Amino acid sequence: MEPDSPQILYLNTAAGDRIQAMTLAGIRRYAGALGWEVRSVPWQESRPEDIAPLLGAHRPVAGCVVECSDGNSHLPPRLFGRVPVVYLHAAPSLYGGRIVRVSADNEAVARAAFRELSAGHPTAFAAVGVITDYPWSRERVRRFRALCAEAGKNCLVFDRPGETPTARIRRLPGWVAGLPNHCAVFAANDFAAADVVTAARAAGRAIPRNLTLLGVDNNASLCEASRPSITSIQLDHERAGFLAARMIGERAAGASVGPLLAVRRESTRGHGRRELFVLKAVEAIRREACDGLTPATLAARFPGSRRLFDIRFREATGHSVLDEILHIRLERVMVLLSRPDFPIDAIADFSGFGCRYGLRKLFRARYGVSMRQWRKDNAR
């Protein structure tokens, strides 16, 4: 009888949303290359008392990925015994910092926000943190303020530690009313951005005519429902899931992920120009790059010319469609190379390259060694 495939358990410790669906897709992308299974455990079944029965019911368990949507978790490492566990979006101090975690690169988030807001040539900048004093919110605001200072610009910050949520909401309209005309406002997440929209309406400030606004997370239900709709930075949750799964497979120590792109809506200079199709294109590449997807076949799925598609994709992500496809294929190559039992000559066919010579040439150019040498140097 064939042994069961190893499984990765994805533990949702909060109610599900699209972010978790993207994370799960990344976990599956890594696990699929190894022939592993992935099980998503709903938040109702992710209590401390559930862990031991879960691990017993799904043997063999390769590892667990724990979603920490607010930076915290009620699932300490001791509950998992010797099973590897990776925490997503955990606070640096969680469990004494002695955990393996994938976190957002808050410096990269602030940099992307500053670049996007600067494109509108604002006269001033401002930043708003979230109601709860989370470390990641403080870090994003601090980094954004530092970038403004480096550019010789002042940044007004809405911040008063220890303030109650009620007092904060009451004070925000007055603060927004005092912002200079054509001020660019960075909100640490989309909920903070929605608060700014409400405050601006109360203060009689028009967005985007008087102020521009950008949030983080691309919470579509929140951003699209807002009037005006909110431009937001989409974090690369799919890659976060992929990296978390790879840490389980390769026993890596930790990683951070930056933004994927800025989804432009009415609250910035885009005046409603949307990059949602780019997000859909990236998702398609992550799913299909290793199955023969090409830039031409991808562009044909979207309205307009291929040239315009390529321009919009590069503008939103910072690189070309082909670069993204090759990156995903090479990630699959590295996963397969980490399996000593997988024939090197078969890797091209299983990673979407088809041509063995072309893959060998690209791999040596990228990594400076042959695939065979890389496997030898990185054998576990």
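Relative to the present Cα-Cα distance, how much length would full extension add between TYR367 and HIS182 at 0.36 nm per residue of separation? Walk me through the numbers on the way to the answer.
Values: separation 185, 0.36 × 185 = 66.60 nm, distance 4.63 nm.
Working it through step by step, the gained length comes to 62.0 nm.
Could you line up HIS319, HIS58 from fewest to most neighbouring Cβ atoms inside 10 Å? Please report the intermediate quantities before stating the final value.
On the way: HIS319 12, HIS58 17.
In increasing order of surrounding Cβ atoms, one gets HIS319, HIS58.
In a Debye calculation with equal point scatterers on the alpha-carbon sites of the stretch 113-211 and no solvent, what is log10 I(q)/I(0) at q = 0.24 Å⁻¹?
Values returned for q = 0.24 Å⁻¹ are -1.40.
Give me the compactness ratio for the stretch 1-83, meaning the Cα radius of gyration over 2.2 N^0.38 Å. Don't skip to the end; give the middle numbers.
On the way: Rg = 12.7 Å, N = 83, 2.2 N^0.38 = 11.8 Å.
That ratio works out to 1.08.
Order these by the 10 Å Cβ neighbour count, fewest first: TRP175, TRP43. Walk me through the numbers on the way to the answer.
On the way: TRP175 18, TRP43 15.
Taking fewest neighbouring Cβ atoms as first place, the list is TRP43, TRP175.
Report, as a whole number in µm² per second, the diffusion coefficient that Stokes-Einstein gives for the chain at 37 °C and 0.692 mPa s using the Kirkwood radius over alpha carbon pairs.
On the way: Rh = 22.4 Å.
This corresponds to a translational diffusion coefficient of 146 µm²/s.
Would you list, by chain and number, the lysines whose Cα falls below 28 Å from the Cα of LYS361, excluding same-chain residues fewer than 8 positions away?
Counting by Cα, and skipping residues close in sequence, LYS361 has these lysines nearby: LYS376.
Within 10 Å of each residue's Cβ, count the other Cβ atoms and sort GLU116, GLU49, GLU224 from fewest upward.
Working: GLU116 23, GLU49 7, GLU224 15.
Least crowded to most crowded, the residues run GLU49, GLU224, GLU116.
Once you treat every alpha carbon in the stretch 161-290 as an equal point and sum by Debye, what is log10 I(q)/I(0) at q = 0.09, 0.15 Å⁻¹?
Taking Cα atoms of the stretch 161-290 as identical point scatterers yields -0.34, -0.77.
Largest first, please: the extent of the C-alpha atoms of the stretch 284-380 along each principal axis, to the nearest Å.
Over the stretch 284-380, Cα extents along the principal axes are 46, 22, 22 Å.
Report the calculated FRET efficiency for TYR95 and ARG314 (r = Cβ-Cβ distance, R0 = 41 Å), to the nearest 0.05. Write down the numbers at each step before the final one.
Values: r = 41 Å, r/R0 = 1.00.
The value I calculate is 0.50.
By how many nm would the segment from ARG307 to ALA146 lengthen if fully extended, with 0.36 nm per residue of separation less the alpha-carbon distance?
Values: separation 161, 0.36 × 161 = 57.96 nm, distance 3.68 nm.
Stretched out fully, the ARG307 to ALA146 stretch lengthens by 54.3 nm.
Just from its helices, what would the mean residue ellipticity at 222 nm be for the chain, if runs of 4 or more DSSP H residues each count -39500 (n - 2.57) and the sum is divided by every residue, rounded to the nearest 500 deg cm²/dmol?
Working: 15 runs with 170 residues, N = 380.
Roughly -13500 deg cm²/dmol at 222 nm, from the helical runs in the chain.
Readers should treat all values here as calculations from the given coordinates under stated rules, not as data from a laboratory. Keep in mind the model is a prediction, meaning the values are calculated, not measured. With ideal geometry, Cβ positions are generated from the backbone for all residues, glycine too; neighbour counts draw on all protein chains shown.
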